Amino acid sequence: MSEPHRTLAITLSGLEAPCHCGVTDEERREAQTLLVDLRLTPLSVSDYAADDLGETVDYGAAAAVAVATAAERPYRLLERLATEIADRLWAAHRLAELHVVVRKPSPPVGAPAVAAGVEVTYRR
């Protein structure tokens with residue numbers, strides 16, 4: 001019997017990332033807590049028999065990249081922030097696929113909304 005083709009994805013959901021984000025100066029004045037979801041699919045999948053963090057993507061390190069990117073400067077657009085997070089994670093890890101979602105709870109859209117969000121996906 002042949003070995004199955006395996007893919008594996010490391011996920012983080014609802015990562016809280018304080019950020020000065022918004023189109024208007026007023027919206028950017030105070031930091032808001034944005035929510036970030038990450039899905040990182042390593043380029044190669046080991047058998048993980050060694051149970052070694054060095055053989056996979058450290059989701060703690062990925063979370064630190066996302067939070068630091070959000071905090072380092074103000075952003076007007078969620079699109080820009082999501083792309084910067086994705087660019088940094090893509091450069092730091094050998095990934096087959098990367099999916100980044102950034103959501104802004106209770107956005108000022110003129111009607112009640114739970115969140116506004118952006119999704120960015122990179123693939124090899």
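What follows draws every value from the coordinates through simple rules; no lab data is involved. Computed from a predicted model, the values in this text were never measured in an experiment. No Cβ is skipped: glycine too gets one built from the backbone with ideal geometry, and neighbour counts run over all protein chains shown.
Observations on the structure shown:
- Between the Cα long axis of helix 59-71 and the first principal axis of the chain there is an angle of about 20°, rounded to the nearest 10.
- Legend: calculated FRET efficiency, A115 to T56, from the Cβ-Cβ distance at R0 = 30 Å, rounded to 0.05, equals 0.50.
- Label zone of E26 (point 7 Å out along Cα→Cβ, amide N under 15 Å): in the range 82-124 this covers 107-111.
- P(r) tail fraction, the range 27-124 - alpha-carbon pairs more than 24 Å apart, %: 29 percent
- Relative contact order (%) - criterion: Cα under 8 Å, at least six apart; region: the chain: 27 percent
- Candidates A111, A71, A91, ranked by Gaussian network fluctuation over the chain, Cα under 10 Å, top entry: A111
- Using alpha-carbon coordinates, inclination of helix 78-92 to the longest axis of the chain, degrees: 30 degrees
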